[in-house]
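One structure is given here, and the rest of the page talks about it.
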Amino acid sequence: MQDAIAVRKRLGDRVRKLRKARKWSQEELAHQSGLARSFTGAIERGEKDLRLTTLVKLANTFRVPLGELFK
């Protein structure tokens, strides 16, 4: 059984890793994705439960399959 908080933390770590691999600041990620900078920071800290539409938006921003966000 998975713990939702642990999944959020792993997702946040993955988003941070993908962002840094592109040498983007949180501001650039916000600009590229259309999300607020404070929201992208909260995602990376594992503080937000995300809707599917937000997950798809992030995957599209990074140009990766949706499942790649959870690796």
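Since every read-out is calculated from the coordinates, none of them should be taken as a lab result. Please read these numbers as outputs of a predicted model, since none were measured by experiment.
Rounded to the nearest 500, what is the chain's calculated 222 nm mean residue ellipticity when only DSSP H runs of at least 4 contribute -39500 (n - 2.57) each, over all residues?
Value at 222 nm, helices only, nearest 500: -19500 deg cm²/dmol.
If you average the sequence gap of Cα pairs under 8 Å that are 6 or more apart and divide by the length of the stretch 4-64, what percent do you get for the contact order?
It rounds to 43 percent for the stretch 4-64.
Working out 0.36 nm times the residue gap between V7 and H31, then minus their Cα-Cα distance, what length gain in nm do you get to one decimal?
6.1 nm
Calculate log10 I(q)/I(0) of the chain for q = 0.15, 0.17, 0.22 Å⁻¹, where I(q) comes from the Debye formula with a single equal point scatterer on each Cα and nothing for solvent.
For the requested q values the scattering log ratios are -0.41, -0.53, -0.92.
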